[in-house]
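Structure, as structure tokens:
The values are calculated or read from the model by the stated rules, or taken from the named source; none is laboratory data. In this text the structure is predicted, and so the values were computed from the model without any measurement. Every residue, glycine as well, gets a Cβ built from its backbone with ideal geometry; the counts of neighbours run over all protein chains shown.
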Amino acid sequence: MEGEIGLIAELRAELGADAVLTDEADLAGFVEDFRGRYKGRALCVVHPSSTEQVAFVVRRCAAQRIPVLPQGGNTSLCGGAVPRTTGPAPVIVSLSRMRRIRVVDAANRSIEVEAGCILKTVQDEAAVLNCLYPVSLGGEGSCQIGGTISTNAGGTSVLRYGNTRDNVLGLEVVLADGSIWNGLRGLRKDNTGIDLKQVFIGAEGTLGIITAATLKLHPLPTHHALAWFAPANPEAALRVFEMFQANCGSRLCAYELMNERQLQLVVERVPERRNPLADPHAWHVLVELSDTRDGAGMEDILQRTLEEAAEANLIQDAIIAMSDTQRANLWEVRHSVTEANKGAGVGLTTDCSVPISAVPAFIDGATHAVRQIVPGLDIVIVGHMGDGNIHFIPMFSFPAWQALVDARSMAEALRRAVNDVAHRLGGSFSAEHGIGQTGLAEMAHYKSPVELATMRAIKQALDPENIMNPGRLIP
Ligand SMILES: Cc1cc2nc3c(=O)[nH]c(=O)nc-3n(C[C@H](O)[C@H](O)[C@H](O)COP(=O)(O)OP(=O)(O)OC[C@H]3O[C@@H](n4cnc5c(N)ncnc54)[C@H](O)[C@@H]3O)c2cc1C
């Protein structure tokens, strides 16, 4: 049976009627992102329960050149998981029924999970084994392992454990022709040619559908020491970071920066959040140390480093968390920024990374560039300073935004101004959120012709009919 109706009938016959949704009301949550910024249309949403079913869906779609859009938790911040409004409507392949933990190998410190497992579930499963799966981010209760791998998610532990890419040992992928590549190897060393899994990590569903992964686990830290302090300025925050690195080595696991405006928004807009320090300060840092067995001395090192920094006039105030509850409360302040910023105005989020040494120059340069365009504009800054990733957010009030003659051009000009500063400093315009549809123009602008041509060659080789998430990632 050919045609869209025939395809849907085939999919129902193979997957079961309840696994193929076509009603508009049922599709609503899949064709729009959670912030309501992007909306597209889909032929149907399918819920396969096995890798073989995913392969069947892709094979049947490939036969009719119907696009395929893999979807995880639909938490993408760049419209990557939402279908297009133009071209043939895709089949959305939701991985949410593929949630099995397949193999646990505690001695190898690895776990094999299906792609639809929620990130938080994997973290919890690892903790039962006394292990840590270190990828951690605000959306961890909703995003799926497949989504985090396809976006190479970063988060708050990159400083110590790397990005998602650094924590994937093996993958199972359904390719664009419906064949299955089983690369589920739990190996730390494997020099047998091109490392294929790296091609699919961060590919945002444009090269195939990840159906399972073997993930790297780490020893579970059981002791933590955390402080919140006010550095005099970003330059001082950088110097204190160097002191922490020198004094704490690999125990340093988080170094997060925010400006006063960001903290104000959290305190004003999220219930039960408070300024951790007694007075307002221009800049804030959350720093955390952790260790697996011997916590002794960690608070001393933290205290001594802060004292050293205070003596050098680099910090103005600090507190050390005295209990697990206080520590959790301080992390809550950091994790509340997305909720606080949503609805606070129109925030033009950017996601730049620069060499860590260039963070102060980036903040200075971007502030200057933005205020050249809109004098006095509110600027919200929050970022993972320890890995050089700063979310620099020019923020309009709703009335100011509505008063703009051409809001879209303004948004583009401001984002470009910020990204230009990062680019001049050797940085990237997308450190962790990915490209999706938001970043396509920037890809075309900043990537060299050689780099783009190489990406297109890989896409052409693996998906010659361009059915996998077309119109995303590669301009
Ligand atoms: C509150 C909040 C905080 C966040 N904080 C951070 C942060 O600190 N650091 C960070 O890096 N990110 C952050 N993010 C973004 C987050 O990393 C991504 O949204 C998440 O990794 C995507 O996972 P998902 O399962 O929701 O994927 P989706 O949003 O469903 O999909 C994202 C992309 O991956 C593709 N995809 C999904 N599943 C598969 C699969 N199985 N195979 C192939 N392709 C697939 C989709 O086609 C799409 O292109 C945050 C998001 C939220 C909502």
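Summary of computed values
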{"item": "Residue within the range 179-188 that is farther than 21 Å from residue 51 by Cβ, touching a strand residue (DSSP E or B) at 6+ places or on another chain (Cβ under 8 Å), in contact (Cβ under 8 Å) with a residue 60 or more places away in the chain and not β-branched (Val, Ile, Thr) present", "result": "no"}
{"item": "2 or more residues within 13 Å of the ligand (Cβ to nearest atom) and within 23 Å of residue 292 (Cβ to Cβ): qualifying helices (runs of 4 or more DSSP H) within the range 94-199", "result": "119-128, 158-161"}
{"item": "Long-range neighbours under 7 Å by Cβ, at least six apart or interchain, first residue away from the ligand (no atom under 12 Å from the Cβ) within the range 20-35, second part of a helix (DSSP H, G or I)", "result": "20/8; 20/11; 20/12; 21/27; 22/8"}
{"item": "The listed residue being under 30 Å from residue 365 (Cα atoms) and touching an Asp or Glu at 6+ places or on another chain (Cβ under 9 Å), out of 213, 227", "result": "227"}
{"item": "Residue in the range 405-425 that is within 13 Å of the ligand (Cβ to nearest atom) and either touching a strand residue (DSSP E or B) at 6+ places or on another chain (Cβ under 7 Å) or free of Cβ contacts under 8 Å to residues at least 60 places away in the same chain (or both) present", "result": "no"}
{"item": "Pairs where the first residue, in the range 139-166, is more than 22 Å from residue 332 (Cα to Cα) and free of Cβ contacts under 8 Å to residues at least 60 places away in the same chain and the second is within 8 Å of the ligand (Cβ to nearest atom) and outside any loop (DSSP other than H, G, I, E, B), C-beta under 8 Å, 6+ apart", "result": "164/148; 164/149"}
{"item": "Residue check for residue 396: within 16 Å of the ligand (Cβ to nearest atom) and touching a residue at least 24 places away in the same chain (Cβ under 8 Å)", "result": "no"}
{"item": "Criterion (farther than 23 Å from residue 143 by Cα and not acidic (Asp, Glu)) met by exactly one of 431, 400", "result": "400"}
{"item": "Number of the condition not met by residue 340 [criteria: (1) touching a Leu at 6+ places or on another chain (Cβ under 6 Å); (2) within 16 Å of residue 235 (Cβ to Cβ); (3) not charged (D, E, K, R)]", "result": "(2)"}
{"item": "Only listed residue being within 12 Å of the ligand (Cβ to nearest atom) and either at pLDDT below 95 or outside any helix (DSSP H, G or I) (or both), chosen from 82, 54", "result": "82"}
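Okay, residues lined up against (1) under 29 Å from the mean Cα position of the chain (by Cα); (2) closer than 16 Å to residue 95 by Cβ; (3) crowded, with 17+ Cβ neighbours inside 10 Å:
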| position | (1), (2), (3) |
| --- | --- |
| 21 | yes, yes, yes |
| 30 | yes, yes, yes |
| 33 | yes, no, yes |
| 36 | yes, no, no |
| 42 | yes, yes, yes |
| 50 | yes, yes, no |
| 59 | no, no, no |
